[in-house]
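Participant: Below is a structure I'd like to ask you about.
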Amino acid sequence: MKLIDLNRDGGIGANSLFIQLGDLNILVDCGLHPKRVGRAATPDLTPLRGVTLDLIIITHCHLDHIGSLPVVMREHPNTPVIMTLSSRMLIERMLHNSANVMLKQREDANIPDYPLFTHDEVDRIGKRLTGLPFGMAKHFRGAKDDVEITFHQAGHVAGAAGVEIHYKHRKIFFTGDVLFDAQRTLEGAKFPSGHFDTLITETTRGTTERPMGKERRNEVARLIQAINDTIQRGGSMLIPVFALGRMQELFAILHDARKFGRLVDCPIFAGGLGMDLADYFDEISRKTKHVNFNRQILKDLKVQPTARKINPGEDPKQNALYVVSSGMMVEKTPSYALASGLVGHARNMIAFIGYCDPDTPGGQLLAAHPGDDFLFSAVNVNQKIKAHVERFELSGHADREELVEFAVQTNARSVVLTHGDPAARAWFMAQLSEKMPNASVLDPVPLQTYQV
Ligand SMILES: [Zn+2]
Ligand SMILES: [Zn+2]
């Protein structure tokens with residue numbers, strides 16, 4: 001198999017892997033870098049020039065996996081795109097939202113490349129997107145070769161898939177983004193066990209050791225307690241989350257806590273996209289058995305949309321809980337603006353529940369110390385950190401040890417590392433080299449061609 005990582009920055013960035021199996025050219029994901037803007041945020045698609053792409057596979061609907069899909073589809077107008085049935089229900093909503101965000105960024109930040117695609121274009125590509133059920137093997141043919149592709153539940157977020165590909169006698173497996181633990185709203189990954197020749201694995205949590213006692217259930221209890229403490233001392237709590245998946249998961253957790261009288265009464269504010277996606281989750285939940293979410297949850301919790309305009313640097317003093325995107329507190333998002341107002345007051349708390357890239361404001365705030373000055377440069381606000389800043393281990397990604405265990409039992413001849421910071425990949429490289437001495441472990445340099 002020939003492989004080129006098109007994610008020009010490495011790290012997590014704009015996920016996109018180009019593989020060749022026989023005469024079949026396949027692209028897996030086509031994301032948008034969460035921290036870059038304009039054309040630089042897309043994967044480098046130049047290796048695809050002059051290539052007839054036979055198939056595009058989408059693992060799930062987070063923007064770091066789909067944000068440049070309309071761009072590559074424009075350049076390859078006849079290539080079919082496959083994903084799971086749940087992803088098919090979510091993808092157009094996510095791309096339309098992305099078009100909105102880019103239109104706004106074009107104005108606010110003067111980025112002439114934006115939008116990379118229009119609402120019309122998203123509507124037009126719809127007919128080329130196909131949803132397939134989990135567990136159903138499907139054949140795809142090139143000029144002479146063919147492959148068989150099967151999606152497996154990957155946990156992580158509704159619709160997320162691990163991808164099994166058979167080509168002749170070779171078996172290849174992509175983990176995609178994966179969570180083996182069950183969440184409140186979603187079953188955990190159900191990957192096939194046994195041998196694969198090549199494994200392409202995510203490495204997101206390579207630098208995160210799960211401390212003893214920080215199992216998901218304990219962390220949920222600790223989070224609810226932290227919300228109660230914050231509200232009871234008159235403060236407000238900000239939980240930055242991804243709109244897709246984490247926000248609905250958190251609402252379901254809050255709903256359970258409220259039902260059993262464990263959560264204080266307080267106003268709850270949330271971002272628009274996540275509330276909108278709750279309707280989609282409700283629908284997916286009724287159509288598949290993997291997802292368990294009901295839109296009534298938002299009504300019961302009396303969730304209100306956040307104010308259209310948040311004044312940076314100003315504590316809104318609402319004694320409320322804010323569940324808003326972005327999860328990594330990226331500039332120009334509601335979580336960033338709110339944090340700039342909340343962080344300067346000791347009664348408030350900012351709680352991170354998912355992965356934060358160390359280079360994002362969220363990652364930087366987690367690494368800072370109480371009393372440090374923290375600059376919110378995009379809104380020109382400098383604050384002394386007085387609020388509680390805390391992380392709760394409710395990640396949507398598998399623990400690194402579980403991923404190593406999965407890799408070892410595949411007895412793969414080659415393992416390819418993706419979707420992780422350099423340090424995270426280095427941990428996997430060391431562990432897998434030691435535990436799989438007969439395998440070659442590859443941390444691909446972007447845009448180089450490998451034979452694996
Ligand atoms: Zn993801
Ligand atoms: Zn991802």
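Quick note: the coordinates plus some simple rules give every number you see, no bench work behind them. Keep in mind it's a predicted model, so treat the numbers as computed, not measured. Using ideal geometry, Cβ is built from the backbone for each residue, glycine included, and neighbour counts are taken over all protein chains shown.
Participant: Considering Cα pairs under 8 angstrom that are at least six residues apart, work out the relative contact order of segment 309-437 and quote it in whole percent.
Facilitator: So the answer I get is 21 percent.
Participant: Quick one: divide the alpha-carbon radius of gyration of segment 330-452 by 2.2 N^0.38 Å and tell me what you get.
Facilitator: 1.40
Participant: Further question: Give the calculated FRET efficiency between L375 and R49 to the nearest 0.05, with a Förster radius of 25 Å applied to their Cβ-Cβ distance. Before the final figure, lay out each step's value.
Facilitator: Numbers: r = 41 Å, r/R0 = 1.65.
With R0 = 25 Å, the Cβ-Cβ based efficiency is 0.05.
Participant: Do the sum for the chain: with -39,500 (n - 2.57) for every DSSP H run of n ≥ 4, divided by all residues, what is the mean residue ellipticity at 222 nm, to the nearest 500 deg cm²/dmol?
Facilitator: Using -39500 (n - 2.57) per qualifying helix, the result is -9000 deg cm²/dmol.
Participant: Mind jotting down the three principal axis lengths of segment 120-209 based on Cα atoms? Whole angstrom, largest first.
Facilitator: The Cα atoms of segment 120-209 stretch 46, 41, 24 Å along their principal axes.
Participant: Once you sort the root eigenvalues of the Cα gyration tensor of segment 403-452 as a ≥ b ≥ c, which label holds: rounded (a/c under 1.5), prolate (a/b larger than b/c) or oblate (the other case)?
Facilitator: Judged from the Cα gyration tensor, segment 403-452 comes out oblate (a/c at least 1.5, b/c at or above a/b).
Participant: Output ³J(HN,Hα) for segment 160-176: one whole-Hz value per residue in order, computed from phi by the Karplus curve 6.51 cos²θ - 1.76 cosθ + 1.60 with θ = phi - 60°, and x for Gly and Pro.
Facilitator: 5, 10, x, 10, 9, 10, 10, 9, 6, 9, 9, 10, 10, 9, 9, 6, x
Participant: Go through segment 341-347 residue by residue and turn each phi into a ³J(HN,Hα) via Karplus (6.51, -1.76, 1.60, θ = phi - 60°); whole Hz please, and just put x for glycine and proline.
Facilitator: Running phi through 6.51 cos²θ - 1.76 cosθ + 1.60 with θ = phi - 60° gives x, 7, 5, x, 10, 5, 6 Hz.
Participant: What list do you get for S326, S68 if you sort them by fewest beta carbons within 10 Å?
Facilitator: Result, fewest neighbours first: S326, S68.
Participant: In which sequence would M73, M1, M212 go, from the one with the fewest C-beta neighbours within 10 Å to the one with the most?
Facilitator: If I rank by nearby Cβ atoms, fewest first, I get M212, M1, M73.
Participant: I would also like to ask the following. Of K127/K190; K2/K168; K35/K104; K317/K386, which pairs sit farther than 18 Å apart, going by alpha carbon to alpha carbon?
Facilitator: On the way: K127/K190 29 Å; K2/K168 15 Å; K35/K104 16 Å; K317/K386 15 Å.
Violating the 18 Å Cα-Cα cut-off are K127/K190.
Participant: Based on the alpha carbons, how large is the Rg to Rh ratio for segment 1-158 when Rh follows Kirkwood?
Facilitator: That ratio equals 0.96.
Participant: What share of Cα pairs, in percent, lie more than 24 angstrom apart in segment 148-284?
Facilitator: In whole percent, the long-distance tail amounts to 44.
Participant: Which ³J(HN,Hα) values, rounded to whole Hz and listed in residue order, are derived for segment 17-22 from phi using the Karplus coefficients 6.51, -1.76 and 1.60 in 6.51 cos²θ - 1.76 cosθ + 1.60 with θ = phi - 60°, glycine and proline given as x?
Facilitator: 10, 9, 10, 10, 10, x
Participant: Give me the distance in nm between label points sitting 7 Å out from Cα along the Cα-to-Cβ direction at R170 and D146, one decimal.
Facilitator: Once both label points are built, they end up 1.9 nm from each other.
Participant: Go through 106-119, 30-43, 234-247, 283-296 and give me the packing order, highest mean Cβ count within 10 Å leading. Each step should come with its number before you reach the end.
Facilitator: Numbers: 106-119: 14.4, 30-43: 20.8, 234-247: 25.2, 283-296: 16.8.
So the order, starting with the most tightly packed, is 234-247, 30-43, 283-296, 106-119.
Participant: Report the far tail of the P(r) of the chain, meaning the percent of Cα-Cα pairs longer than 34 Å.
Facilitator: 31
Participant: Also, quick follow-up: Would you work out which of P267, L63, L432 lies farthest towards the positive end of the dipole of the chain? Charges go on Cβ: Lys and Arg +1, Asp and Glu -1.
Facilitator: Ranked along the dipole, the leading option is P267.
Participant: How much length, in nm to one decimal, is gained on full extension between D9 and R74, taken as 0.36 nm per residue of separation minus their Cα-Cα distance?
Facilitator: Here the segment from D9 to R74 would lengthen by 21.1 nm.
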